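Undergrad: Here you go, one structure.
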Amino acid sequence: MKSILENISKHISLTVEEEQLFFSKIEVQHFKAKTILLNAGEICKYSYFVNSGLLRSFNINDNIVEHVLHFACEGWWIGDMYSLLSQKPGNLFIEVMEDSEIVLLSKENQEQLYFEIPKLERFFRILTENSLVAHQERLMDNLSLSAEDRFDKFCKRYPTLIQRVPQKQIASYIGVTPEFFSKMKSKMLRK
C-alpha cells in the first residue's frame, strides 16, 4: 500500500487518520494476465491503481481492429473516464496484461472520500487535469507527427514499457498497423 500513498503524496498530504479512512474505502485484488476488468458497453464503477503489473485500455472498432488508448504500469491510474464520470456505458475495455495487484476505488467511495477528506478532491482533480493535458498532447501528436516520431516519443516517454508491451499493441497505440510498425522499426534500426 506504500505505492498508492507515494502516488497521493506527490500532490497532497494525508494524516494517519486520513490514510486509514482512505484504506477503508479501497480494495486490493490480484488478477491474472488476460483478465478483462471492464468491457465496452458496461458502466465503469472503479478507478484502478496499479500496485504491480500492467494494464491497458482499448476500443475495438466495427472492423474488429483494436485501438489502444492507455497503458498503466506500477504507480499509474487507469479507468474509462467518460463512463466513470457520467455513469453511462463506456466504449473501452480494460485488460490485465501481466499478473497484477490492483487497487480498486469505487465511484461511490471516491465521492464519500471527497466529502470526508476534501483534499482528495484536489488530488483527483490534478490527476484529471494531467490526463486531459496528456490526451490533448497525444491528439496533437497523432495529427502532426510522423509514425516514426510518435514511436520515438513513446520510447522516450515510456522506456519501461518497450520490453513489456507486445509490438502489435505499441503499433496500435501510435496509430499504425502491426505490419507498418514492423517495417518502420526495421528501417529505423538500419539507420
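What follows is calculated from the coordinates using simple rules that are stated; it is not laboratory data. For clarity, every value in this text was computed on a predicted model and none was experimentally measured. Here Cβ is always computed from backbone atoms with ideal geometry, including for glycine, and neighbour counts include all displayed protein chains.
Undergrad: Filter Lys156/Lys183; Lys10/Lys34; Lys32/Lys187; Lys32/Lys185; Lys153/Lys183; Lys10/Lys168 down to the pairs with a C-alpha to C-alpha distance above 26 Å, please. Working shown, then result.
TA: On the way: Lys156/Lys183 20 Å; Lys10/Lys34 31 Å; Lys32/Lys187 36 Å; Lys32/Lys185 30 Å; Lys153/Lys183 18 Å; Lys10/Lys168 33 Å.
In this structure, Lys10/Lys34; Lys32/Lys187; Lys32/Lys185; Lys10/Lys168 exceed 26 Å between Cα atoms.
Undergrad: Ok, one more. Taking R0 as 41 Å, what FRET efficiency do you get between Asn61 and Glu101 from their Cβ-Cβ distance, rounded to the nearest 0.05? Numbers along the way, then the final one.
TA: Values: r = 31 Å, r/R0 = 0.76.
Using R0 = 41 Å, I get an efficiency of 0.85.
Undergrad: Apply the Karplus parameterisation 6.51 cos²θ - 1.76 cosθ + 1.60, with θ equal to phi minus 60°, to every residue of segment 26-39 and state each ³J(HN,Hα) to the nearest whole Hz, in sequence, with x for glycine and proline.
TA: Using θ = phi - 60°, the values come out as 10, 10, 10, 9, 9, 10, 7, 3, 6, 6, 9, 7, 8, 9 Hz.
Undergrad: Apply the Karplus parameterisation 6.51 cos²θ - 1.76 cosθ + 1.60, with θ equal to phi minus 60°, to every residue of segment 167-181 and state each ³J(HN,Hα) to the nearest whole Hz, in sequence, with x for glycine and proline.
TA: Taking θ as phi minus 60°, the curve returns 4, 5, 7, 5, 4, 4, 4, 8, x, 10, 6, x, 5, 4, 4 Hz for segment 167-181.
Undergrad: Please give the helix 107-116 orientation as an angle from the longest Cα principal axis of the chain, in degrees from 0 to 90, rounded to the nearest 10.
TA: Rounded to the nearest ten degrees, it is 50.
Undergrad: May I pose another question? Treating cross-link reach as a plain straight distance, find the aspartates and glutamates whose alpha-carbon is under 14 Å from the alpha-carbon of Lys119, omitting any fewer than eight places away in the same chain.
TA: Glu17, Glu18, Glu19, Glu111
Undergrad: Continuing with the same structure: Tell me the label-point distance for the pair Glu137, Gln163, using the 7 Å Cα-to-Cβ offset, in nm and rounded to one decimal.
TA: Taking the two extended label points, one gets 2.4 nm.
Undergrad: If you bin every alpha carbon distance in segment 62-150 into 10 Å steps from zero, what whole percent lands in each bin?
TA: Spelled out bin by bin, segment 62-150 gives 12, 38, 36, 12, 2 percent.
Undergrad: On the first, second and third principal axes, largest extent first, how far apart are the outermost C-alpha atoms of the chain in Å?
TA: Computed over the chain, the largest-to-smallest principal extents equal 57, 33, 31 Å.
Undergrad: Compare the peptides 20-29, 78-87, 102-111 by average per-residue count of other Cβ atoms within 10 angstrom and give them in order, highest first.
TA: On the way: 20-29: 14.1, 78-87: 18.9, 102-111: 17.0.
Most protected by this proxy first, the peptides run 78-87, 102-111, 20-29.
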